[in-house]
Each structure stands twice: as C-alpha cells, then as structure tokens.
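Notes for the one structure printed next.
The values are calculated or read from the model by the stated rules, or taken from the named source; none is laboratory data. All figures in this text were calculated on a predicted structure; none of them were measured in a lab. Because the Cβ atoms are built from the backbone with ideal geometry, glycine has one as well, and the counts that use them run over all protein chains shown. Side chains included, ligands, DNA and RNA excluded: accessible areas come from the protein's heavy atoms. Shrake-Rupley method; radii C 1.70, N 1.55, O 1.52, S 1.80 Å.
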Amino acid sequence: MTPAPLAARLRDPSGPLFFPVTAYGPDGTLDLDVFRTHVRRGVAAGAAAVFACCGTGEFHALLPEEFEACVRAAVEAAEGRVPVVAGTGYGTALAVRYARLAEGAGADGLLAMPPYLVLAGQEGLLRHYREIAAATALPVIVYQRDNAVLTPATAVKLARTDGVIGLKDGLGDLDLVQRVISAVRTEAPGEFLYFNGLPTAEQTQLAYRALGVTLYSSAVFCFAPGIALAFHRALEADDTETVRRLLDGFYRPFVELRAQGRGYAVSLVKAGVRLGGLDVGEVRPPLHEPAEDHVKKLARLIERGYALLEGDA
C-alpha cells in the first residue's frame, strides 16, 4: 500500500483505531490462534484499523521472529477489510529491522515509537525517523511521547519527508500540538494526519477535537468494543449527552482505576480481554498482572458502561 491510500483510509475512520493485545499461551509463548481471534473480533466489531504489536500489544516484549509472526497473523485476520499498522522502535538499526519485518509480513504502515532510553536532540530524532521512512515503502506515523518530543520546526521537516504521513501525540501538551499543527499547515501544506495517542484517549478527545485532531487510539476497544464504538459514534454525531454520560460514568472511573498500578495501561486492558472470555494470557515481565480487586472493579465498571448505553444507569 502506498502512503496516500493508507492516509485516505485513516482520515475519516468509521470506528475506533484498534490496538490489540498480544496473546500468550499458558507457557508464555505466542498463541497466534487466539491472537487472530482477537483481531477478527475487533474488525467485526467495527474497528477502522488494526495497530498490531504497538504499546498495548507489548512490542517491547517481543522477539523479532515473534513480532513478524504477530504482524503476519494480524494481516491474515484482517483480510484486507481494514489496514494493519505495525509498531517499530528501539535504536535506528533495530527500528529499521522491525520495519522491514513488518513490510515482509504484509503490514500497510508503521507506528514509529520513541527510541530506546536515549535523550536525543531534534537533529538526531529527525535522522532516526527519516531512516525508518527510507527503509521500506511503508508509510510511517511518528509517535511523540516521553523522550521523543518534537519542536514545530522538526515536525515541519518530518511532514516534508517522503513516507511520513502523520504524528501521534502521547504527550498531552495541547499548546505544543496546536503550534505543530499551525507550523505544518503553513510551512508544509498538504495532508498530514494527527492522532491523540494518550492512554485512554477518549478521556481527552474532546480537547483534541477542538484542535482538529479527530483520530485517536482506543485501548478500551480491546475489551469493551461496544462502549468504545458508541463513544466514537457519539463524538462524530456531536451527541454531547452520550459523550458526557460515558465520560462521567465509565471513562473517568476507568482512568482512575488504571492509575492505581504501574503498567496498567497494558495489563489492565489485557485483564479486560480475559474478562470477556478470550484467554489472551498474562503480560510478560517487566509488566505485572493487576491486583485481583482491581480486576473485579474493572468487571463491575464494564457492566456499568454497557448499562449506560442501555439507559439503565
């Protein structure tokens, strides 16, 4: 797939962007059959795209051969109905290697996560992402967060880089996001996509929409697709009542529960998938499983969220 078609397919999504968890068996090895089921269910439920082996999918915990197998399984499960974007990251050499593995596995694009550990300057970050973009024919979305924060000037240079089609913001600095959007709009006119990539992005999506950022990742879609889809549709329809009801009754309590444990942005989501009856296994270290009482609270919260959709709560 060329950059333009992927950007076009992502521009006006019909549903949430789906970041599946990676399934492991009882012995801790990949369970690709369960993973395919997870992806198929998400696509059938209304996902607009599959972002495989990214943050929620424990990219950090996957060996290269496991990564390639997972991306290939996601492509097989999606069956071309929606695009599949694969994560890549670490240092530049490894990021290029993962990018090429993703291309060989049939992915439609890449999400370039922050480089591992180092605090690089703008010149180094720009070179890093340009080398990833040049390594394959796959379009690249740059994930801004942690140690990879771009100035508006660097964002403009990236927007002018062949193969780079967008920026996913996981920092939450709306002033910076607005300045980046303004700089790119005036100095590198053309299509450039922006994504809200904060954990539980629904919680902040009203603010991002005010800046014109309509794309966002949804970890909730992994375990409560009906709730995530209803929220997405309410946003698109300017259904303020439903948006506020879900924010107040489900998303804010979920964010507060997620904040009670390190790594819960992944492990609590994976627990939610298991609550739905699909045994995707536990997280790999250094992440750890959520406390039992937190999982019970999550189960009650999911029930409440669906009840809110039915008008019973």
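For ALA210 and ALA45, compute 0.36 nm times the residue count separating them, minus their Cα-Cα distance, and round to one decimal in nm.
Details: separation 165, 0.36 × 165 = 59.40 nm, distance 2.73 nm.
Taking ALA210 through ALA45 to full extension adds about 56.7 nm, to one decimal.
Report the full-extension gain for the segment ALA134 to HIS288: residue separation times 0.36 nm, less the Cα-Cα distance, to one decimal in nm.
51.8 nm
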Carbon + sulfur, % of accessible area of the chain - ligands and nucleic acids excluded, 1.4 Å: 52 percent
Segment 280-287 - phi-based ³J(HN,Hα) in whole Hz, Karplus 6.51/-1.76/1.60, Gly and Pro as x: 8, x, 8, 6, 8, x, x, 6
Local electrostatic count at LEU298 - Lys and Arg +1, Asp and Glu -1, tallied over other residues with Cβ under 13 Å: +2
Where segment 1-159 is the region considered: accessible area per residue in Å², 1.4 Å probe: 38 Å²
Set of lysines with alpha-carbon distance to LYS297 below 16 Å, sequence-local pairs under 8 removed: LYS270
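Assuming R0 = 22 Å, what is the FRET efficiency of ASP146 and SER182, from their Cβ-Cβ distance, to the nearest 0.05?
Details: r = 24 Å, r/R0 = 1.07.
Here the calculated transfer efficiency is 0.40.
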Between segment 1-56 and segment 223-253, the alpha-carbon center distance in angstrom: 21 Å
Normalised contact order of segment 22-76, rounded percent, pairs of Cα under 8 Å and 6 or more residues apart: 40 percent
Probe 1.4 Å, protein heavy atoms only - accessible area per residue of segment 209-299 in square angstrom: 44 Å²
Centroid-to-centroid separation of segment 196-217 and segment 283-302 [C-alpha atoms, Å]: 25 Å
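What does the net charge come to around ALA112 if you take all other residues with beta carbon closer than 11 Å to its beta carbon, with K and R at +1 and D and E at -1?
Details: positive: ARG130, LYS168; negative: GLU131.
In short, +1.
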Radius 15 Å from Cβ of VAL280, net charge of other residues (Lys, Arg +1; Asp, Glu -1): -2
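For the pair TYR116 and LYS296, what calculated FRET efficiency results from E = 1/(1 + (r/R0)^6), where r is the Cβ-Cβ distance and R0 = 45 Å, to the nearest 0.05?
On the way: r = 35 Å, r/R0 = 0.79.
So, using R0 = 45 Å, E works out to roughly 0.80.
What FRET efficiency would be calculated for the residue pair GLU310, GLU123, taking the C-beta separation as r and a Förster radius of 41 Å, to the nearest 0.05?
Working from the Cβ atoms, E equals 0.15.
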Distance between segment 61-105 and segment 135-158 - C-alpha centres, whole angstrom: 18 Å
Structure-derived Cα Rg over 2.2 N^0.38 Å - corresponding label in [x] 0.94; [y] 1.47; [z] 1.33: [x]
Relative contact order (%) - the chain, alpha-carbon pairs under 8 angstrom, separation at least six: 17 percent
Other-chain or far-sequence residues with amide H under 5 Å of ALA49's (modelled H): PHE18
